[in-house]
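Asks: Handing you this structure, nothing more for now.
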Amino acid sequence: MYTKYLFHRIKLSNREFPGLERPLVLEYYMLESEVDYISELAGRKVYGVSVVKKVGRDCFEGDEIRNLSCSFNNTKQLLKTLSINKVTPVGLKFVLEDMIGDGIG
């Protein structure tokens with residue numbers, strides 16, 4: 001079980017991205033849970049990220065990576081970088097692999 005916190009929401013329009021047929025929203029979430037798979041870290045908080053793309057009120061696509069880091073601050077900085085660069089759910093795993101290495105997802 002994990003908790004999901006909204007970190008940032010970005011609204012994109014066809015004025016910024018001329019190819020868009022309709023405006024869309026990108027939402028970036030921090031995921032928080034407790035480590036339960038490594039006995040030495042049992043009970044510690046572990047963080048992940050989630051990116052959701054919405055068109056209108058409907059969730060169009062989403063992806064998440066759980067258990068990414070035990071550092072709140074590192075995960076927060078990662079979310080900031082993802083949102084500044086407008087990373088979509090489709091690109092999330094590829095971008096994270098480039099940023100922090102192989103073995104994501």
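Asks: In what sequence, highest mean first, do 41-49, 6-14 appear when ranked by Cβ atoms within 10 angstrom?
Replies: 41-49, 6-14
Asks: Relative to the present Cα-Cα distance, how much length would full extension add between ASN73 and ARG22 at 0.36 nm per residue of separation?
Replies: Contour length minus Cα-Cα distance gives 14.9 nm.
Asks: Which of the GluC sites (Glu not before Pro) found in the range 17-74 are loop residues per DSSP with 11 or fewer other Cβ atoms within 10 Å of their Cβ?
Replies: Sparse-neighbourhood loop GluC sites (Glu not before Pro): GLU21.
Asks: Between CYS70 and residues 5 or more places away or on another chain, which pairs have amide H atoms under 5 Å apart, with H built 1.01 Å from N, and which residues are they?
Replies: Correct list: TYR47.
Asks: Would you be so kind as to identify which of SER50, HIS8, LEU68 lies farthest towards the positive end of the dipole of the chain, taking Lys and Arg as +1 and Asp and Glu as -1 on Cβ and the Cα centre as origin?
Replies: Sorting the options by dipole projection puts first HIS8.
Asks: Given a cut-off of under 8 Å on Cα pairs at least six residues apart, what relative contact order in percent is computed for the chain?
Replies: Relative contact order here is 21 percent.
Asks: Further question on the same structure: Return the tail of the calculated pair distribution for the chain, meaning the percent of Cα-Cα pairs more than 20 Å apart.
Replies: Looking at the chain, the distances longer than 20 Å represent 41 percent of pairs.
Asks: For ILE100, put the label point 7 Å out on the Cα→Cβ axis and report which residues of the range 21-43 keep their amide N under 15 Å from it.
Replies: 29-35
Asks: Also: Hey, got the dipole for the chain? About the Cα centre, +1 on K and R Cβ, -1 on D and E Cβ, debye to the nearest 20?
Replies: 540 debye
Asks: Between HIS8 and ALA42, what is the label-to-label distance in nm when each label sits 7 Å out along the Cα-to-Cβ direction?
Replies: 3.8 nm
Coordinate-derived values only; no laboratory data. Everything numeric in this text was worked out from a predicted model, so none of it was measured. Using ideal geometry, Cβ is built from the backbone for each residue, glycine included, and neighbour counts are taken over all protein chains shown.
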